[in-house]
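Novice: Here's a structure for you.
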Number of protein chains: 2
Amino acid sequence: MPTPGNTVLTRALRLLDAFTPDRPALTLSEIARLTGMPVSTVHRLLAGLVAWGALERGDDGRYRVGLRLWEVGALAPRGQGLRERALPYLEDLSQITRENVQLAVREGTELVFVERIAGTGAVPVLSRVGSRFALTATGVGLVLLAHAPPEVQEEVLRAPVERFTPQTVVDPARLRRMLADVRSSGFAVSDRQVTMDALSVAAPVHDGRGAVVAAVSLVVRHGSAPAHALAPLLRTSARAISRALAQPTRR
Amino acid sequence: MPTPGNTVLTRALRLLDAFTPDRPALTLSEIARLTGMPVSTVHRLLAGLVAWGALERGDDGRYRVGLRLWEVGALAPRGQGLRERALPYLEDLSQITRENVQLAVREGTELVFVERIAGTGAVPVLSRVGSRFALTATGVGLVLLAHAPPEVQEEVLRAPVERFTPQTVVDPARLRRMLADVRSSGFAVSDRQVTMDALSVAAPVHDGRGAVVAAVSLVVRHGSAPAHALAPLLRTSARAISRALAQPTRR
């Protein structure tokens, strides 16, 4: 039961949802249209968000996400904190393989890419830092789903599974067997399930208490290397990141 | 004149201010104490922030900045956008000099460090990504202040100038002359004005329309290199970043 106050807060936060990687700068009327709220309401809420620095208004009259929100967002342990601790190991993986390296975490029934290092001349990938993706198709997604709470797995497998290629596994029973394999083998393989030219291999990253908090993957051109040859590399790298996470922070 | 709605929003955003790099995880009562708000109010506002994902509540009962806020914050053009575009040039500067490299933007009457690459064996520096600092002491600060609107310069120079070392320039008239020098020479020097063992040299980064939007600096051990030898390096690097910013984004 929302109180009137929380309705205001909820509405203000919904304005922030209008901003995406594809729409980083928006006018007042665009925000009103995207959120379905009256222009007068949006105008009043925007003033509050701008006053604090969550949004900034440019000379062109467009609103953009403000530096203050970036500052506070950089305090998120599962975003910037994880990224900074994992980065040296991801760079090692990138330099050794020259392939695409990805780090992702689960957010509800989707994954969010926390870091992505593009390999020089490597196969093109769809991911972008801060962007979301289905848990069912990618290597990192399968790792995160395999270690998600049972109720999250059920929610994902009950919903229609998005198909990206003819190779995408959409059958819930087959996905369940794949997830069990991921848990027993310690790695996940996505073979042309996102794009027909790519194969990804992913392994779980644990926190200091043993919970799976992230997944790291390599995305290579299909046919360039067998998945079983990449798996030990990913598992080694994921364990190194897990060890770094288990160490006490300097903060 | 705040409406009741905006008061709720303003209060909720003030809760976010309680989180800092030194205090990334807080309990309900700590947040109430830090913000001076009643526990019942804080509790209600936290529920709204957690529901959207601005904050997350851990198993330990502490609140932390949430992944969703990091996602939205990553859309800030002056934060993550600037950082990603400048990073290759900052890494070049770091690899060539092995010294500390910094990138900062102005936020009101302070600066915010957007990137910092520590040099191996270089002199220790106080900066941290996302942390704030006075505009009057560092090389990047002097560049940003020299190119700030006149009213911002007046506000900074009217206020008491913070002293960090015996070398810190705190006299407004002398600071004014330094700022004029920065504008005419195209670079700024901070000679032991922050710590007695460090010298920094900084140059302005321009956007596609010629406005100064950031400053890049090297921080070296005092006595290791003369400022005039570093200035051309900084100016060259700052121009390369400016060119990158002037190019259309791929988004």
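Novice: How much accessible area per residue does the stretch A:57-108 have, counting only protein heavy atoms and a probe of 1.4 Å, in square angstrom?
Specialist: Ligands and nucleic acids excluded, the result is 39 Å² per residue.
Novice: Hey, another quick one. From the label point of B:Leu28, set 7 Å from Cα along Cα→Cβ, how far away are the matching label points in the other copies, in nm, ordered shortest to longest?
Specialist: Here B:Leu28 shows inter-copy label distances of 3.9 nm.
Novice: Post the alpha-carbon centroid distance, the stretch A:21-100 to the stretch A:166-245, in whole angstrom.
Specialist: 29
Novice: Amide H neighbours of B:Leu55 under 5 Å, counting only residues 5+ apart in sequence or on other chains, H built in-plane at 1.01 Å?
Specialist: The list, which skips near neighbours in sequence, is B:Val50, B:Gly66.
Novice: Just to confirm the number: angle between the C-alpha axis of helix B:39-52 and the first principal axis of chain B, 0 to 90 degrees, nearest 10?
Specialist: 70
Novice: Give me the distance in nm between label points sitting 7 Å out from Cα along the Cα-to-Cβ direction at A:Arg128 and B:Thr27, one decimal.
Specialist: Taking the two extended label points, one gets 4.2 nm.
Novice: Kirkwood Rh, the protein assembly as shown, all Cα pairs: how many Å?
Specialist: 24.5
Novice: To the nearest 20 Debye, how big is the dipole of the protein assembly as shown about its Cα centre, given +1 on the beta carbon of each Lys and Arg and -1 on that of each Asp and Glu?
Specialist: Once rounded to the nearest 20, the dipole reads 160 debye.
Novice: In whole Hz, what ³J(HN,Hα) sequence does the stretch A:166-182 give by Karplus (6.51, -1.76, 1.60; θ = phi - 60°), x for Gly and Pro?
Specialist: Those phi angles translate into x, 8, 4, 7, 10, 7, x, 5, 5, 4, 4, 5, 4, 5, 5, 4, 4 Hz.
Novice: Go ahead and set up a Gaussian network model of chain A, Cα springs under 10 Å, then flag whichever of A:Ala188, A:Ala86, A:Ala12 fluctuates most.
Specialist: Of A:Ala188, A:Ala86, A:Ala12, the most mobile in the Gaussian network model is A:Ala12.
Novice: Considering only DSSP states other than H, G, I, E and B, which trypsin sites (Lys or Arg not before Pro) in the stretch A:131-211 qualify as loop sites with at most 11 other Cβ atoms within 10 Å?
Specialist: Here the sparse-neighbourhood loop sites are A:Arg209.
Novice: While we're looking at this one, here's another question. So the label point sits 7 Å from Cα along the Cα-to-Cβ vector; using that for B:Asp191, what distances do you get to the other copies, in nanometres, sorted shortest first?
Specialist: Sorted ascending, the copy-to-copy spacings read 6.8 nm.
Novice: Name the most mobile residue of A:Val101, A:Val152, A:Val72, meaning the one with the largest mean-square fluctuation, in a Gaussian network model of chain A with Cα contacts below 10 Å.
Specialist: The residue with the greatest mean-square fluctuation here is A:Val72.
Novice: While we're on this one: How large is ³J(HN,Hα), in whole Hz, for each residue of the stretch A:183-190 in order, when computed from phi with the Karplus curve 6.51 cos²θ - 1.76 cosθ + 1.60 and θ = phi - 60°, using x for Gly and Pro?
Specialist: Per-residue couplings from phi come out as 5, 7, 8, x, 8, 10, 10, 10 Hz.
Novice: Output ³J(HN,Hα) for the stretch B:115-125: one whole-Hz value per residue in order, computed from phi by the Karplus curve 6.51 cos²θ - 1.76 cosθ + 1.60 with θ = phi - 60°, and x for Gly and Pro.
Specialist: Going residue by residue, I get 8, 8, 10, 7, x, 5, x, 6, 5, x, 10 Hz, with x marking Gly and Pro.
Novice: Mind pulling the per residue volume of the convex hull built on the Cα atoms of the stretch A:77-246? Å³ is fine.
Specialist: Cα convex hull per residue, to the nearest whole number: 101 Å³.
Novice: Here is a further query. Distance in whole Å from the A-onto-B rotation axis to the closest C-beta of chain A, together with the residue it belongs to, please.
Specialist: A:Gly73, 1
Novice: Given charges of +1 on the Cβ of Lys and Arg and -1 on the Cβ of Asp and Glu, with all other atoms neutral, how large is the dipole of the stretch B:8-72 about its Cα centre, in debye to the nearest 20?
Specialist: In total the dipole reaches around 220 debye.
Novice: Quick check on chain A: helices-only [θ] at 222 nm, where DSSP H runs of length 4 and up contribute -39,500 (n - 2.57) each and the sum goes over total residues. Nearest 500, please. Intermediate values should be presented prior to the final figure.
Specialist: Working: 9 runs with 110 residues, N = 251.
Computed mean residue ellipticity for chain A: -13500 deg cm²/dmol.
Novice: Moving on. Considering only DSSP states other than H, G, I, E and B, which trypsin sites (Lys or Arg not before Pro) in the stretch A:1-87 qualify as loop sites with at most 16 other Cβ atoms within 10 Å?
Specialist: A:Arg62
Novice: Now for a different question. At a Förster radius of 45 Å, what calculated FRET efficiency corresponds to the Cβ-Cβ distance of B:Glu155 and B:Arg85, to the nearest 0.05?
Specialist: 0.95
Novice: Where does the charge balance sit around B:Pro172 when Lys and Arg score +1, Asp and Glu -1, over other residues with C-beta under 11 Å from its C-beta?
Specialist: +2
Novice: Please work out how much length the chain gains when fully extended from B:Arg174 to B:Asp17, using 0.36 nm per residue of separation minus the C-alpha to C-alpha distance, in nm with one decimal. Provide the component values of the computation, followed by the final result.
Specialist: Values: separation 157, 0.36 × 157 = 56.52 nm, distance 3.46 nm.
Using 0.36 nm per residue and subtracting the Cα-Cα distance, I get 53.1 nm.
Novice: Between B:Glu84 and the same site in the other copies, what are the distances in nm, shortest first, taking label points 7 Å from Cα along the C-beta direction?
Specialist: 2.0
The values are calculated or read from the model by the stated rules, or taken from the named source; none is laboratory data. Values in this document were obtained by computation on a predicted structure and should not be read as measured data. Positions of Cβ are backbone-derived with ideal geometry, glycine not excepted, and every protein chain shown enters the neighbour counts. Please note that ligands, DNA and RNA were not included when accessible areas were found on the heavy atoms of the full protein model with its side chains. Shrake-Rupley method; radii C 1.70, N 1.55, O 1.52, S 1.80 Å.
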